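Notes follow once the structure below has been shown.
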Amino acid sequence: MKINLLKITGLSAAIVLLNSPAFSMNSDWEASRAFLNGNMLTRLVQAQKNVTGTVVDENGQPVPGVGIKNVTSGRGAVTDVAGKFTIEANVGDVIRITYIGYLTQNITVGASNTLNVKLVVSTDTKLDDVVVVGYGTLREKEITSAITKVDSTKFRQSGSRNPLDLLVGKVAGLQISRNSSNPNSGVGIQLRGVTSVAGTASPLIIIDGIPGGNLDLLQQDDIESFSVLKDGSGAAIYGTRANAGVIIVTTKKGKKGPARFDYNAYVRTETLVKRPDFMNATEWRARIASGEYKVVDKGGDFDYFQDLINKNNISNNHNLAVSGGGDNSSYRVSANYRELQGFAKENGRKEYGIRASLTQKGLQDKLQAQFNVSTNFNNANLLGGGGWENVLTKNPTESYFNPDGSYQFTRTITNELARLEQERYGLQQQTTSVDGKLDLEVIKDLKIGAFFAAQRNNRIWSEYRDRASQNSVENGDAPNGGYAAKTTELNQNINFEPTIEYTKTFGKHKLSGIGGYSYRREINEGFNANNRGYVNDLFEDNNLGSVPVKVTTIGIGSFKNENTLIAVFARLNYSLNDKYFAQAIFRREGSSKFGANNKWANFPAISGGWNITQEEFMKNVSWVNNLKLRVGYGETGNSGLANDASLVTLSGGGIYLFPTGEYLQTYGPNKNPNPDLRWETKKETNIGIDFTILNNKLTGSIDVYKRKTKDLIDTYTSPQPPFVTSSITTNVGSISAKGIEVSLSYAAVKNKNFSWSVDFAGSTTENILDTYSNSEYRRDMRTFGAIGGFGALGDAFRTYEGRKVGEFWGKRFAGFSPDGKWTFFNRNNEVVTNAQINTSVFRDQTDLAVIGNAVPKYYLSLTNNFAYKGFDLRVFLRSKLDFDVLNTMAISYGNKNGASTNLLNSAFTKYADLKDTYMYTDYYLESGSFLKLDEVTLGYTFKLKTKYVRTLRLNLTGQNLVTITGYTGNDPDYIQDTGLGQEINGRSLGIDTRSPYPATRQFLFGVNFGF
């Protein structure tokens, strides 16, 4: 113990003096004397001791790097490898214990010189949460790349049509767009912008370790969590399939404990939000009477839009799961039934599925086996869901029926009511997946494993059109004969991945690594046949050979292709004292899809993390609970192209008479081979910060990234000779993206009865097509986005080299001439007529210009979570800002010039001055920005005093409740916002449709029952 003798000597003299008679009669000095005798001396003398202690975690294990601070004196210390510390302190001093992921503890020093501290896990931080990454798991605080985990507590509550619906608005940088509430429609997925022109643009889906997992096998109540690997440093371990990112889905498994039964169900109905404002019969007649529109009044009053609506739609979902386990085994089995009824008639599907998982330990817990099997049956009615444009544009005074009650057919428009009654179109699908994994601990810290999986997806499309249907009656090759078609497709894949894994902790150091081999084989095959002229409707599509085969009526085809992918991979993770983290990844991969000279490629990645909070200079920054810096770089590839893309393929050249006297089929090449075809490669750098501040109230992450994909795969014109045909698939050009992503969570209030938390996600991305040419193949730009409709208006997008993705290129509206004709600005900003506009593809010549951009600049979402006693309330808002939409419905049906169909009312108001032809121009571009009250859920959890019911919760959810926007067309949220402008799920980037599936408001009642 160190004692300052000078201080004690001087202090002793003062005490002697104060105790002398000269001062003893003075009350003020009496107080001073008492202070020195009773407090100051005692404290100084007692301070001359060291307090020692040990800090352990919740499992009793010593914890190094724990912050120890004497709040009274300001002195600090840190626990060593054994969790021990020493600090100077007085009796009565407050010692503060801080460590990320655990509650801060304040301990008052007593008479003892020893403190033993057990850390308590904080419920407000997730630093020790396990996050699923490629081929393994990491703790949240060990993550060095851009990964977002979303567990079931964060899922959307409105009932998913597709499993990815659960993630909409939940992950910064991940765009999931749905073009309607049609239960049979898919979703568009895009992560951090466009990464390819012609290759796969959607993230790789991995389900329980199976790359390319089938989403049709997933039900929302069977999903435990999603892990989204955003950047190259995390996704590189999946190589050529990870260019667009990776989404890892983990399903629920059984846990140790007594048997649990969980029943989850909901019922849902949909109501109309908005319909396009076309004329009704009264308005139609008024326009005729005023002379504004010269059409025929046929005397009726019909609204066939309403006749396509399934007004009594009720969807329901039921999931029953049984789970449990003991010391050596656990299990979970679930059965699911789902019926989704569309808002449109003859539009829905019924699904039946089962999923089972079993985990078993053996050999004194050295061997662990896990098996999963799942199958799903889907019966979908695909007939309805379309035809909206036909019923909207039909003369509202004209009947769909003849006077005798039979259906009326005209060759100018399809009778949609007849079609729904006289045709059938359905899908039968069975999807099955089986996988198993064995892990054996060979010696301490060393494991070997093997993973095997097989998937099979079988689909049968069946179609039949009655003899009396409009399609059959009006057909010229077999009039009044029925039409039947059947298509089958079988997709199969097998995966085998043996691995070796090593984990070792020595002192402050932790090292873990995994290496493995990956084999995947895919086989795809299909058959289709159709024929006309069936004389009865009894067989439908089940007897295609019952009528004679004619060249003019029959169609037949089949295909088969396969590919193989082989890889070796490794990942190494290192941490020092939970302060510094590093990760390195390497994958070497080969694929049969690519040219003979470029079958193999390498994909490296490296990333690091720095837990700044553990540094000595942060010990006194009490308002920062955790601060980590992440930096990563990684390379990934894209192999999402046709299996035969690098090979020469043959096609039939017709049947000819050979010298032998036989008529034989001839074949010739229809595509050039390219032995040099190789991967697209994306190189990406990511810098991120993870933080927890304000006593664990505010947590968040900020990521900044820059990525560039080179060697883009596309089809180019090839010279003849030396090439046989005029096109070739090759690698040319590059595309880049950069952006910022922000995720925040704030625990605003938390007490015994009430809590309020807020979650925010926001992102912005800039996407540029850097180059599209090289010395051998040149292309300055590519067009996308067919406008369709009247007027043969071509494509809406021109993406030039060096320009942003999603740019609308068109004519700049300058006003209407006195007689209602179009005028535009040319490249010199002179007002000219349409005939004077130069539409050249060359940028230095064309009068066309950038008139807007279809890619939202900002994606934002905000979730407010409230809980009061047994009640919980969630309010979810979403927004897309600063993007443009082409209103094609206004182009085609806001122009009364020469028209005879039903039109929008705006054709006679907003667009009344137009007396010219159909035109693609910025006159029809509108801002699509919106703010949507997307989901509100009110729930109540009952506290039942019975041992038979574990949990019971009821909830009511409303979706798509309010949309605030200036856009005058359909719901801008249903406008495609992914891709370059190619058609995705029937829609193109930024182009509103002329036949919109109605936007609906959905209401759901759900129950969660556990016993």
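What the table below lists for this structure:
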{"read-out": "Under 16 Å from the K750 label point (7 Å along Cα→beta-carbon), backbone N, the stretch 97-118", "value": "99-105"}
{"read-out": "Residue among A89, Y135, S160 farthest towards the positive dipole end of the stretch 69-167, charges placed on Cβ", "value": "S160"}
{"read-out": "Extended-chain gain in nm, criterion 0.36 nm per residue less alpha-carbon gap, I107 and N542", "value": "148.6 nm"}
{"read-out": "Relative contact order, percent, the stretch 804-942 [alpha-carbon distance under 8 Å, six or more residues apart]", "value": "26"}
{"read-out": "Degrees separating the helix 281-290 axis from the principal Cα axis of the chain, which is the longest one", "value": "60"}
{"read-out": "About the Cα centre, charge dipole magnitude for the chain (Lys/Arg +1, Asp/Glu -1 at Cβ), debye", "value": "3020"}
{"read-out": "Cα long-axis angle, helix 5-18 against the chain (0 to 90 degrees, to the nearest 10)", "value": "60"}
{"read-out": "Paramagnetic label zone (point 7 Å from Cα along Cα-to-C-beta, A369; backbone N under 14 Å) in the stretch 417-449", "value": "435-440"}
{"read-out": "Loop sites in the stretch 479-535: GluC sites (Glu not before Pro), DSSP, at most 16 other Cβ within 10 Å", "value": "none"}
{"read-out": "Rounded to whole Hz, the Karplus (6.51, -1.76, 1.60) HN-Hα couplings of the stretch 724-740, x for glycine and proline", "value": "7, 10, 8, 9, 8, 8, 8, 9, 8, x, 8, 9, 10, 8, 8, x, 10"}
{"read-out": "Nearest-0.05 FRET efficiency for E224 and R827, computed from C-beta distance (R0 51 Å)", "value": "0.35"}
{"read-out": "Residue pairs, from the table K710/K738; K447/K510; K394/K896; K255/K508; K149/K593, whose Cα atoms sit over 25 Å apart", "value": "K255/K508; K149/K593"}
{"read-out": "Net charge, F876 excluded, C-beta distance under 15 Å - Lys, Arg +1, Asp, Glu -1", "value": "+2"}
{"read-out": "At most 16 other Cβ within 10 Å, DSSP loop - chymotrypsin sites (Phe, Trp or Tyr not before Pro), the stretch 663-737", "value": "F723"}
{"read-out": "Most positive-pole-ward Cα, V66, F816, L358, against dipole of the chain from beta carbon charges", "value": "V66"}
{"read-out": "Selection from L873, G762, F825, by position along the positive dipole direction of the chain (Cβ)", "value": "L873"}
{"read-out": "Binned Cα-Cα distance frequencies in the chain - 10 Å width, integer %", "value": "2, 9, 15, 20, 20, 14, 8, 5, 3, 2, 1, 1, 0, 0, 0"}
{"read-out": "Environment charge of G939, counting only residues whose C-beta is closer than 15 Å and scoring Lys/Arg +1, Asp/Glu -1", "value": "+4"}
{"read-out": "Low-density loop positions, GluC sites (Glu not before Pro), the stretch 552-638 - DSSP coil, at most 14 other Cβ in 10 Å", "value": "E615"}
{"read-out": "Environment charge of I448, counting only residues whose C-beta is closer than 10 Å and scoring Lys/Arg +1, Asp/Glu -1", "value": "-2"}
{"read-out": "Separation of the N312 and V120 label points, Cα + 7 Å toward Cβ, nm", "value": "5.8"}
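Computed from the coordinates by the stated procedures, all read-outs in this text should not be read as laboratory data. These figures come from a predicted structure and were not determined experimentally. Ideal geometry is used to build each Cβ from the backbone, glycine not excepted, and the neighbour counts take in all protein chains shown.
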